[in-house]
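Report on the following structure.
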Amino acid sequence: MKLFDVYPLFDINIVRGKGCHVWDDKGQEYLDLYGGHAVISIGHAHPIYINKVYAQLQQLGFYSNSVINRLQVELAERLGRICGYDDYQLFLINSGAEANENALKLASFHTGRTRILSCEKAFHGRTSLAVEVTNNPKIIAPVNDNGHVTYLPLNDLEAWERELAKGDVCAVMLECIQGVGGIRLATPEFAQGLAAACKKYGAVLICDEIQCGYGRSGKFFAHQWLGIRPDLITVAKGIANGFPMGAVLISPEFQPVYGQLGTTFGGNHLACAAALAVLEVMEQENLVENARIVGDHLMEELRKVRCEDIKEKGTSVIEDVRGRGLMIGIDLSIPHKEPRARLIHEEHVFTGCAGTNTLRLLPPLCLSISEADAFIYKFKKIIGR
């Protein structure tokens, strides 16, 4: 048997990681500014993480959701306190797509409706409902294309209010910082107006915090920059630092019903141990604040490079820099393919990308100022500074 070939791969075999660095099978070290699609939150191979997962594995790796799991209770209590939603309820699953599937299902149960509003350039996952609210027809199979979704421009409040006023909207799905869409930020005015319109017309507001949440933006959730409080919040990626896990944070307005939602593996003992380790490290090392400080520094330095280019040459390869915390987009005047490849093969730095011209930075939240400066130095070499 061979692998189903759906991933375009770099010819690099990563075998080891530590903090914000990874090594390939030839011993080459790389600075990791992508964190495996924003998954590595507290850094590779953190000792607290390793010890907690190992200790749990020695006791019990898995049992089903037919019995009490005190680790789930501990995780819900600790997460609620840290993120500011201790009055919400927690449902644990295995991935971001599953989190969004279950959030949309809850919204439909709650409202009795089926229509969903989603953003242009949105990405919410690849499973049935999650892919339908993803604005990419190339990955929506005919069986997923069920006409539930209307896509609207981010920050065009009038367009969203017009659709909500029709009275048939089940849910609004929002990434407060679009990831795959190119690090596009919702404005406070738009988010607050949208939240008010959802309340007025009886729609459920879902914030997809799978990529932009869990401290990455410099607050625990990206929507906390915007002054809103969603009905449902979906998380995954950084929640367990690479162990497969997702979750839905659920407003107290939603009443649980036995059998309404379910999962085999979700909230298993190992996943909970990993997630508890992540929260412990985030608190001990002030990683949310670190994401804000280092992210601000990175964006400031990148903007300086752009200004210096324009001053000296009248133009710059860097067209725009935007983001919050350690979720940063660098728009280039050229396709990202060549500079991204050169960063990997010549300067040994992993970055991500979006669209055709945007480099995406999603490093572990423990990235230091010195590591950020090392990236700036290497990036300047690539763009000819």
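Sketch the reach of a paramagnetic label on residue 6 as a point 7 Å from Cα along Cα-to-Cβ, and name the residues of the range 139-158 whose backbone nitrogen lies under 19 Å away.
Those under the cut-off are 139-146.
Beta carbons within 10 angstrom, averaged per residue: use that to sort the peptides 68-74, 317-323, highest first.
317-323, 68-74
From the Cα trace of the range 117-175, what convex hull volume per residue do you get, rounded to a whole Å³?
72 Å³
Can you compute the modelled spin-label distance between residue 54 and residue 28, with each label point 7 Å from Cα toward Cβ, in nm?
The answer from the label model is 3.0 nm.
Rounded to the nearest 20 debye, what is the charge dipole size of the chain about its Cα centre when +1 sits on each Lys and Arg Cβ and -1 on each Asp and Glu Cβ?
Around 240 debye, computed over the chain.
So how far apart, in nm, are the two label points at residue 308 and residue 105 if each is 7 Å from Cα heading toward Cβ?
5.3 nm
Treat every Asp and Glu Cβ in the range 230-385 as -1 and every Lys and Arg Cβ as +1, leave all other atoms uncharged, and give the resulting dipole magnitude about the Cα centre to the nearest 20 debye.
580 debye
Give me the distance between the Cα centres of the range 293-311 and the range 124-202, rounded to whole Å.
Each part's Cα centre sits 32 Å from the other's.
For the range 70-103 and the range 272-289, write down the distance between their C-alpha centroids in whole Å.
So the two Cα centres are separated by 15 Å.
Any lysines with Cα under 19 Å of the residue 52 Cα? List them, leaving off those in the same chain fewer than 8 positions away.
Within the straight-line cut-off, residue 52 pairs with 18, 237.
Using the basic label-point model (7 angstrom from Cα toward the beta carbon), what is the residue 284 to residue 161 distance in nanometres?
Between residue 284 and residue 161, the simple spin-label model gives 4.9 nm.
Among 371-381, 137-147, 91-101, 3-13, how do they line up from the highest to the lowest mean number of other beta-carbon atoms within 10 Å? Intermediate results must be reported in sequence, preceding the final value.
Numbers: 371-381: 17.5, 137-147: 10.1, 91-101: 25.3, 3-13: 7.9.
The packing order, highest mean first, is 91-101, 371-381, 137-147, 3-13.
Taking 8 Å as the Cα distance limit and 6 or more residues as the minimum spacing, I'd like the relative contact order of the chain as a percentage.
Relative contact order here is 22 percent.
Taking 8 Å as the Cα distance limit and 6 or more residues as the minimum spacing, I'd like the relative contact order of the range 1-107 as a percentage.
Reported as a whole number, the value is 13 percent.
Please work out the average accessible area per residue across the chain, using the 1.4 Å probe convention, and give it in Å².
Using a 1.4 Å probe on heavy atoms only, each residue of the chain averages 46 Å².
In the range 122-202, carbon and sulfur make up what percent of the accessible area (probe 1.4 Å)? Mind showing how you got there, number by number?
Numbers: 1930 of 3640 Å².
Its accessible area is 53 percent carbon and sulfur atoms.
How charged is the neighbourhood of residue 181? Take every other residue with its Cβ under 10 Å from the Cβ of residue 181, and add Lys/Arg as +1 and Asp/Glu as -1.
So the surrounding residues net to 0.
Nearest 0.05, what FRET efficiency do residue 297 and residue 258 give at R0 = 51 Å with Cβ-Cβ as r?
0.55
The values are calculated or read from the model by the stated rules, or taken from the named source; none is laboratory data. Since the structure is predicted, the reported quantities are computational estimates derived from the model, not experimental observations. Heads up, the Cβs are rebuilt from the backbone with ideal geometry, glycines too, and the neighbour counts pull from every protein chain shown. These area figures cover heavy atoms from the full protein model, side chains too; ligands, DNA and RNA do not enter into them. Shrake-Rupley method; radii C 1.70, N 1.55, O 1.52, S 1.80 Å.
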